[in-house]
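In what follows, a structure is listed as structure tokens, so that the remarks can point back to it.
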Amino acid sequence: QVQLVESGGGLVQPGGSLKLSCVASGFTNSRYSFSGYTLSWFRQAPGKERVFVAHITSTGNTNYTDSMKGRVTISRDNAKSTVYLQMNSLKPDDTAVYLCRAISPSGANYWGPGTQVTVSS
């Protein structure tokens with residue numbers, strides 16, 4: 001069973017930066033290795049729906065939500081089974097729980113529990 005654990009969240013002032021990490025494990029008995037997964041970041045603010053932030057495919061193609069384009073960069077390190085989200089110029093509206101998702105080549109979905117990001121002065 002693939003497991004994901006996010007880290008790197010915290011309290012940051014408006015205009016600040018954070019780099020989130022999501023480490024994946026559980027590939028020993030999996031049909032696919034980490035490198036074959038599409039990895040995504042979502043966020044969920046209090047009382048709101050979970051929304052897409054960014055994704056990176058197994059071939060390195062990336063896509064971003066318009067609201068954060070130019071301020072976030074998603075990357076992956078297959079050797080470390082880790083996906084990152086670098087966030088810059090953070091705004092109070094970016095306050096949310098940030099979650100990572102891994103989708104296998106067969107379409108199986110896995111989610112992490114999330115990491116809290118709070119942007120406030």
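Mind listing just one residue for me: the one in segment 61-91 that is basic (Lys, Arg) and not in a strand (DSSP E or B) and, of those, least open to solvent (accessible area, probe 1.4 Å)? Within segment 61-91, the match that is least open to solvent (accessible area, probe 1.4 Å) is ARG71.
Tallying residues that are open to solvent by less than 40 Å² (accessible area, probe 1.4 Å) and either under 23 Å from ASN109 (Cα atoms) or part of a loop (DSSP other than H, G, I, E, B) (or both) within segment 1-26 yields 11.
Scoring GLU49 on the criteria (1) closer than 16 Å to ALA96 by Cα; (2) surrounded by 13 or more Cβ atoms within 10 Å (Cβ to Cβ) leaves a single failure, condition (2).
The values are calculated or read from the model by the stated rules, or taken from the named source; none is laboratory data. Keep in mind the model is a prediction, meaning the values are calculated, not measured. Every residue, glycine as well, gets a Cβ built from its backbone with ideal geometry; the counts of neighbours run over all protein chains shown. Keep in mind that these areas ignore ligands, DNA and RNA; they rest on the heavy atoms of the full protein, side chains included. Shrake-Rupley method; radii C 1.70, N 1.55, O 1.52, S 1.80 Å.
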